[in-house]
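Peer 1: First the structure, then my questions, so here it is.
The values are calculated or read from the model by the stated rules, or taken from the named source; none is laboratory data. Since we're looking at a predicted model, the values are computed, not measured. FYI the Cβ positions are ideal-geometry reconstructions off the backbone, even for glycines, and counts take in every protein chain you see.
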C-alpha cells in the first residue's frame with residue numbers, strides 16, 4: 001500500500017474516531033444533568049453546545065482535507081460541513097440572534113420552543129453526529145474507502161476525458177435549458193420526472209471536470225469553462241434558486257481545489273461565498289421569489305423588475321420581517337427537532353418515512369403518482385392542506401426519531417453512513433483510474449451529504 005494511502009487511512013479513521021468520542025461525551029454529559037438542570041444551566045448548555053458542535057465538525061472536515069486535498073471530492077468532509085452549518089451556526093441564533101430574527105423563526109415555524117426544548121434538540125444533534133461518525137468508521141473497515149483514498153498526484157486521460165466533458169454539457173444542457181427552465185417559466189406545461197430533472201447536475205459535474213482537464217493540458221477548454229460557470233450562475237439567479245447558485249460555486253471551489261492541489265484560493269472563495277450568501281443572496285432570492293408568487297408566474301420580466309427593485313433598496317416582503325437575518329433563520333432547525341422529540345415521546349409518531357416506497361416507483365410507470373418529498377405530513381400538521389404547495393422539512397435525524405424513536409435515529413444514521421461510504425468508494429475508484437466520470441457521483445453525493453433536510 002502506498003505511504004500516502006497508509007497515512008490518510010490512519011488520519012481519516014483517527015479523525016472520525018475522535019469525532020465520535022467527542023460528540024458522545026457532549027451527549028453523555030448533557031443527558032446526565034438534563035433531568036436536574038435549571039433553566040440557567042439549560043441556557044448555558046444551549047450557548048456552549050452549538051459552539052462545540054461547530055468546532056468539532058470543522059475539525060472532522062478539515063483534518064480529512066488537509067491530509068489529502070483530493071478527499072474534497074468525496075461526501076464525507078461535506079457531511080460535517082453541513083452539520084457545522086445547521087447544528088452549529090444555525091443553533092447559535094437562539095443565543096446570539098436579534099429579537100427580530102428569533103421572532104420570525106417562531107412565527108414561520110409555528111412551533112414555540114423553550115430553553116429545555118432547545119436543550120433536547122442540541123442533544124439530538126450530538127447523538128446523531130456521534131452515531132454517524134461511528135458507522136462511518138465501521139464502513140471504513142468493511143469497504144476500505146479511506147485505504148483507497150486518492151494519491152497526491154493525478155493524471156487524466158484527455159482522449160477519454162474531453163469527450164466525456166462535452167457529453168456532460170450536452171446531456172445537462174438539454175435537460176436544464178430545453179426542459180426544466182421552459183417548464184419553470186411556463187413555456188412548457190409538463191411535470192418533469194425527478195429522475196430526468198436530476199440529470200441537470202451533469203453541468204455542475206462538467207465544471208469540476210473542466211478544471212481538471214484544463215490543469216492536465218486541455219487549455220483550449222478554459223473559455224468554455226468560464227462561459228459554463230457564468231451561464232449556470234445566471235440561470236440560478238433567474239430561477240430564484242439559492243441552492244443552484246451555491247452548488248455552482250461549490251463545484252467551482254472543488255474543481256479549483258483538486259486542479260491546483262491547494263486550499264488557499266478555493267478557501268478564500270469559500271469565505272467570500274459565506275459573506276455573499278448572508279449579506280446579499282438570501283435577501284435577494286427571498287425578494288425575487290416573493291415577486292414570482294405575487295405575479296403568479298415565473299417570468300424573465302418579473303425577474304428583471306424584481307432585481308431592479310431590490311437594487312434600488314426594496315426589501316419589504318409581506319410575510320417577512322424587515323431586518324430579520326434570513327440566512328441565519330434558514331439554518332435553524334431546532335424547533336422542528338424539538339417537535340419530533342415531543343411528538344414521538346407523547347405517543348404521536350410520524351409516518352413520513354412511509355413515502356420512501358413511493359419514491360422508488362418511477363413516474364413513467366405511474367404518471368398519477370403523488371409528489372413525494374419529506375415534509376408533506378409536517379406541512380399539513382402546521383397548516384392543514386399546505387402540502388399541496390409546500391413541503392416543510394425538519395432534519396433527517398428528526399424524521400427518524402419522529403417515526404421510530406431512538407430506533408429510527410439509529411437507522412437513519414446507519415443508512416446515511418452506508419450510502420455515503422458507498423458513494424466514496426465509487427468516487428475514489430474512478431478517481432484513481434483517471435476517469436472523469438467521478439465528477440458526476442461527486443456532485444450527487446455532496447448534494448446528499450451537505451444538507452440535513
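Peer 1: Is it true that some residue in the range 167-188 is part of a helix (DSSP H, G or I), at pLDDT below 85, touching a helix residue (DSSP H, G or I) at 6+ places or on another chain (Cβ under 9 Å) and within 23 Å of residue 72 (Cβ to Cβ)?
Peer 2: no
Peer 1: Can you tell me which residue within the range 213-243, out of those that are farther than 17 Å from residue 260 by Cα and over 28 Å from the mean Cα position of the chain (by Cα), is modelled with the highest pLDDT?
Peer 2: Restricting attention to the range 213-243, the residues satisfying the condition of being farther than 17 Å from residue 260 by Cα are 220, 223-224, 227-243.
Going one step further and asking which of them are over 28 Å from the mean Cα position of the chain (by Cα), we end up with 220, 223.
Working: 220: 92, 223: 95.
Going through the qualifying residues, I end up with 223.
Peer 1: Next question, about the same structure. Given the residues 265, 236, 270, which is the only one that is more than 18 Å from residue 211 (Cα to Cα), touching a helix residue (DSSP H, G or I) at 6+ places or on another chain (Cβ under 7 Å), part of a helix (DSSP H, G or I) and without any contact (Cβ under 8 Å) to a residue 60 or more places away in the chain? Reasoning before the result, please.
Peer 2: Working: 265 fails: more than 18 Å from residue 211 (Cα to Cα); 270 fails: more than 18 Å from residue 211 (Cα to Cα).
236 is the lone residue from the list that is more than 18 Å from residue 211 (Cα to Cα), touching a helix residue (DSSP H, G or I) at 6+ places or on another chain (Cβ under 7 Å), part of a helix (DSSP H, G or I) and without any contact (Cβ under 8 Å) to a residue 60 or more places away in the chain.
Peer 1: Would you be able to tell me the number of residues in the range 78-100 that are under 22 Å from the mean Cα position of the chain (by Cα) and over 30 Å from residue 65 (Cα atoms)? Step through it out loud before you land on a result.
Peer 2: Residues of the range 78-100 under 22 Å from the mean Cα position of the chain (by Cα): 78-94.
Subsequent filtering for residues that are over 30 Å from residue 65 (Cα atoms) retains 94.
Selection size over the range 78-100: 1.
Peer 1: Can you find, within the range 1-17, the residue that is surrounded by the most Cβ atoms within 10 Å (Cβ to Cβ) among those that are in a helix (DSSP H, G or I) and at pLDDT below 50? Spell out how you get there, then give the answer.
Peer 2: Of the residues in the range 1-17, the ones in a helix (DSSP H, G or I) are 3-17.
Now drop any that are not at pLDDT below 50, which leaves 3-9.
Details: 3: 9, 4: 16, 5: 18, 6: 11, 7: 13, 8: 23, 9: 19.
The extreme case among them is 8.
Peer 1: Right, another one. Which residue, of 32, 20, 38, 49, is buried (at least 23 other Cβ atoms within 10 Å of the Cβ) and at negative phi? Don't jump to the end; show me each part of the working.
Peer 2: Details: 32 fails: buried (at least 23 other Cβ atoms within 10 Å of the Cβ); 20 fails: buried (at least 23 other Cβ atoms within 10 Å of the Cβ); 38 fails: buried (at least 23 other Cβ atoms within 10 Å of the Cβ).
Criteria check complete, one pass: 49.
Peer 1: Yes or no: residue 258 in contact (Cβ under 8 Å) with a residue 60 or more places away in the chain and either over 30 Å from residue 101 (Cα atoms) or out of contact with any helix residue (DSSP H, G or I) (no Cβ under 7 Å at 6 or more places or on another chain) (or both)? Even if it seems obvious, please write down each step before you answer.
Peer 2: On the way: in contact (Cβ under 8 Å) with a residue 60 or more places away in the chain: yes; either over 30 Å from residue 101 (Cα atoms) or out of contact with any helix residue (DSSP H, G or I) (no Cβ under 7 Å at 6 or more places or on another chain) (or both): yes.
When the stated conditions are applied, residue 258 passes them.
Peer 1: Among the residues of the range 311-370, how many are under 30 Å from residue 95 (Cα atoms) and at pLDDT 60 or above? Explain how you work it out, then say what you get.
Peer 2: Going residue by residue through the range 311-370, those that are under 30 Å from residue 95 (Cα atoms) are 313-346, 348-350.
Checking the rest, the ones that are also at pLDDT 60 or above come to 313-314, 323-346, 348-350.
Looking only at that region, the number is 29.
Peer 1: Identify all residues within the range 67-77 that are under 15 Å from the mean Cα position of the chain (by Cα) and in contact (Cβ under 8 Å) with a residue 40 or more places away in the chain; write none if there are none.
Peer 2: Here is the first cut: in the range 67-77, the ones under 15 Å from the mean Cα position of the chain (by Cα) are 72-77.
Passing the criteria: 72, 73, 74, 75, 76.
Peer 1: Given the options 127, 60, 115, name the one that is within 19 Å of residue 30 (Cα to Cα) and crowded, with 21+ Cβ neighbours inside 10 Å. If you could, list the steps in order and put the result at the bottom.
Peer 2: Numbers: 60 fails: within 19 Å of residue 30 (Cα to Cα); 115 fails: crowded, with 21+ Cβ neighbours inside 10 Å.
None of the others qualify; the one that does is 127.
Peer 1: Looking at the range 139-166, which of its residues are within 25 Å of the chain's Cα centre (by Cα), at pLDDT 60 or above and not in a helix (DSSP H, G or I)?
Peer 2: 144
Peer 1: Further question on the same structure: Against the condition more than 30 Å from residue 50 (Cβ to Cβ), out of contact with any strand residue (DSSP E or B) (no Cβ under 6 Å at 6 or more places or on another chain) and either at pLDDT below 90 or surrounded by fewer than 21 Cβ atoms within 10 Å (Cβ to Cβ) (or both), how does residue 197 come out, does it pass? Outline the logic, then answer.
Peer 2: Working: more than 30 Å from residue 50 (Cβ to Cβ): yes; out of contact with any strand residue (DSSP E or B) (no Cβ under 6 Å at 6 or more places or on another chain): yes; either at pLDDT below 90 or surrounded by fewer than 21 Cβ atoms within 10 Å (Cβ to Cβ) (or both): yes.
Against the criterion (more than 30 Å from residue 50 (Cβ to Cβ), out of contact with any strand residue (DSSP E or B) (no Cβ under 6 Å at 6 or more places or on another chain) and either at pLDDT below 90 or surrounded by fewer than 21 Cβ atoms within 10 Å (Cβ to Cβ) (or both)), residue 197 qualifies.
Peer 1: Filter the range 198-227 down to residues that are touching a helix residue (DSSP H, G or I) at 6+ places or on another chain (Cβ under 6 Å) and in a helix (DSSP H, G or I), then give me how many there are.
Peer 2: Count: 20.
Peer 1: Right, here's the next one. What helices (runs of 4 or more DSSP H), lying completely within the range 388-452, carry at least 1 residues that are over 21 Å from residue 338 (Cβ atoms) and free of Cβ contacts under 8 Å to residues at least 12 places away in the same chain?
Peer 2: Details: elements: 396-404, 406-432, 438-450.
The qualifying helices (runs of 4 or more DSSP H) are 406-432.
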